[in-house]
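Only one structure is covered here, and it is reproduced in the block below.
Derivation of every value follows stated rules applied to the coordinates shown; laboratory data play no part. Everything numeric here is computed off the predicted structure, so don't read it as measured data. Virtual Cβ from ideal backbone geometry, glycine too; neighbours counted across all protein chains shown.
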């Protein structure tokens with residue numbers, strides 16, 4: 001059951017990553033300049049106060065984690081992050097290979 005959920009979320013993440021890639025490509029062609037949707041832009045569009053609440057919480061727990069790690073993650077292209085997340089979830093949720101030659105109980 002868990003593998004099914006992991007594969008489902010992985011496929012949805014891959015599809016959403018492809019949608020963001022097409023959106024960025026269409027907007028880049030229309031504006032005649034490179035346009036990349038960042039993870040922080042998507043986060044602000046979904047929940048505008050969540051990012052502002054996350055920063056003090058992370059800085060209180062681990063101040064070194066906010067500046068080099070999360071700032072770089074939030075400035076990454078959203079399509080790339082979703083495709084990588086989807087690929088990882090698909091690998092984690094794949095079916096096990098059958099044993100060849102004999103079976104274990």
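Numbers below:
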{"read-out": "Residue 8-residue 33 pseudo-label distance in nm [points 7 Å out on the Cα-to-Cβ vector]", "value": "4.3 nm"}
{"read-out": "Simple spin-label estimate for residue 18 and residue 72 in nanometres, 7 Å along Cα-Cβ", "value": "3.0 nm"}
{"read-out": "Spin-label model distance (nm) - residue 84 vs residue 60, 7 Å beyond Cα toward Cβ", "value": "2.9 nm"}
{"read-out": "Unit Cα scatterers, Debye sum, the range 44-85: log10 I(q)/I(0) for q = 0.25 Å⁻¹", "value": "-0.96"}
{"read-out": "Dimensionless Rg/Rh of the chain - Kirkwood Rh, Rg from C-alpha atoms", "value": "1.14"}
